[in-house]
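The values are calculated or read from the model by the stated rules, or taken from the named source; none is laboratory data. Quick caveat: nothing in here was measured; it's all calculated off a predicted structure. Quick reminder, even Gly has a Cβ in these numbers, built from the backbone with ideal geometry, and neighbours come from all protein chains shown.
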Amino acid sequence: MEELATFLEAHPDVPFVDVLLPDLCNVIRGKRLPRADLEKFFREGFQVPSSIMLLDVTGEGGDPGGRGFSDGDPDVCARPVPGTLQRVPWFGEPLGQVLGTLYDLDGSPCNVDPRHVLSSVCKRLTDEGLFPVVALELEFYLIDPDLAETGKIQPPLLPASGRRVRDTQVYSISDLEGFSKLLRDVSRVCDAQNIRLGAASTEYAQGQYEINLHHVNDAQLAADHAILLQRVVRGTARQHGAAATFMAKPYREDAGSGLHVHLSLVDEKGDNVFDDDTEVGTPVLRHAVGGLLETMPEAMALFA
């Protein structure tokens with residue numbers, strides 16, 4: 001409650017706060033709460049069906065694992081994630097946001113909430129004396145908010161010239177300058193929300209960019225930063241008359257966009273357990289790569 005009191009005192013003009021509940025497809029669901037309801041939410045949470053975590057990218061539910069139609073779509077409890085209550089600088093009106101997470105009604109973590117899934121994996125590592133250090137790189141396209149005459153998406157217009165972006169110049173500084181104000185505002189908003197950004201660059205397609213996040217020694221925080229960065233980019237793009245998409249393949253004929261995961265594991269001394277100063281690495285590294293090769297194919301639908 002101290003976090004809420006501090007926020008409300010610092011931002012007396014904020015009438016609403018968005019509770020953000022990212023699902024398995026990284027669609028941010030949730031509720032917009034009026035200021036008067038925030039104390040109750042921080043004290044008791046609110047109820048919402050757990051099936052919202054299992055909807056597909058179009059918002060349809062397929063009753064996966066019997067959750068949704070078969071079980072009567074029961075509620076669980078959404079609660080705030082401590083330390084994530086912030087102002088939303090890119091929104092046109094005063095607005096706050098806070099990440100939420102789901103708990104079953106008996107107080108146990110909801111096992112279809114991606115946050116709890118990641119937390120359980122991190123706990124297994126911690127129990128083995130291993131600690132992940134993670135940095136994520138997100139690729140995305142800036143696009144025109146209006147569709148082309150063909151009904152398909154199209155590259156955006158350059159703010160200065162009004163010319164539509166048509167070039168593919170990877171690592172082009174001039175292309176960065178074309179949207180420098182947008183990228184500058186993304187950086188400013190991220191600074192305000194304590195999201196540590198690294199380099200920005202153009203990628204191998206028209207209107208495609210990449211923004212790096214700094215390494216952090218908390219996998220959950222790294223994931224939070226990636227989710228919030230996507231929200232910042234989309235919101236800031238709208239402010240500048242553009243739109244942004246992080247989908248894997250928005251243009252059939254052009255390069256796809258990826259999410260690059262940089263991951264190392266350190267022990268209690270801070271030593272990298274993947275590295276033994278050889279080209280092949282440690283047995284732990286080889287087992288980690290083997291595990292990825294064995295298990296990743298089942299998750300390709302989610303990755304795409």
Checklist outcome for this item: Note on the stretch 60-77: residues assigned to a loop (DSSP other than H, G, I, E, B) and of a type in the set (G, A, S) are G61, G62, G68, S70, G72
Next on the checklist: Just to verify a result, which residue in the stretch 56-89, among those that are out of contact with any strand residue (DSSP E or B) (no Cβ under 8 Å at 6 or more places or on another chain) and at pLDDT 90 or above, is farthest from D191 (Cα to Cα)?
Outcome noted: P82
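Please note which helices (runs of 4 or more DSSP H) are completely contained in the stretch 214-304 and include at least 2 residues that are closer than 21 Å to I28 by Cβ and in the same structural domain as R184 (by TED's automatic domain parsing).
Numbers: elements: 219-239, 283-295, 300-303.
It comes to 219-239.
Identify, please: which residue in the stretch 177-213 is in a loop (DSSP other than H, G, I, E, B) and under 18 Å from the mean Cα position of the chain (by Cα) and is, among those, surrounded by the most Cβ atoms within 10 Å (Cβ to Cβ)?
Of the residues in the stretch 177-213, the ones in a loop (DSSP other than H, G, I, E, B) are 179, 193-196, 203-207.
From what's left, under 18 Å from the mean Cα position of the chain (by Cα): 193-196.
On the way: Q193: 19, N194: 12, I195: 22, R196: 14.
Of everything passing the filter in the stretch 177-213, I195 is surrounded by the most Cβ atoms within 10 Å (Cβ to Cβ).
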Next on the checklist: Going by what's in this entry, would K40 be described as under 24 Å from the mean Cα position of the chain (by Cα) and either surrounded by 15 or more Cβ atoms within 10 Å (Cβ to Cβ) or in a helix (DSSP H, G or I) (or both)?
Outcome noted: no
Checklist entry - When you go through P109, P94 one by one, which is the residue that is more than 17 Å from the chain's Cα centre (by Cα) and either touching a residue at least 40 places away in the same chain (Cβ under 8 Å) or in the same structural domain as V261 (by TED's automatic domain parsing) (or both)? => result P94
Item to check | Unique match (being within 28 Å of P80 (Cβ to Cβ) and in contact with a Lys or Arg (Cβ under 9 Å, 6 or more places away or on another chain)) among P114, P159, P109 | outcome: P109
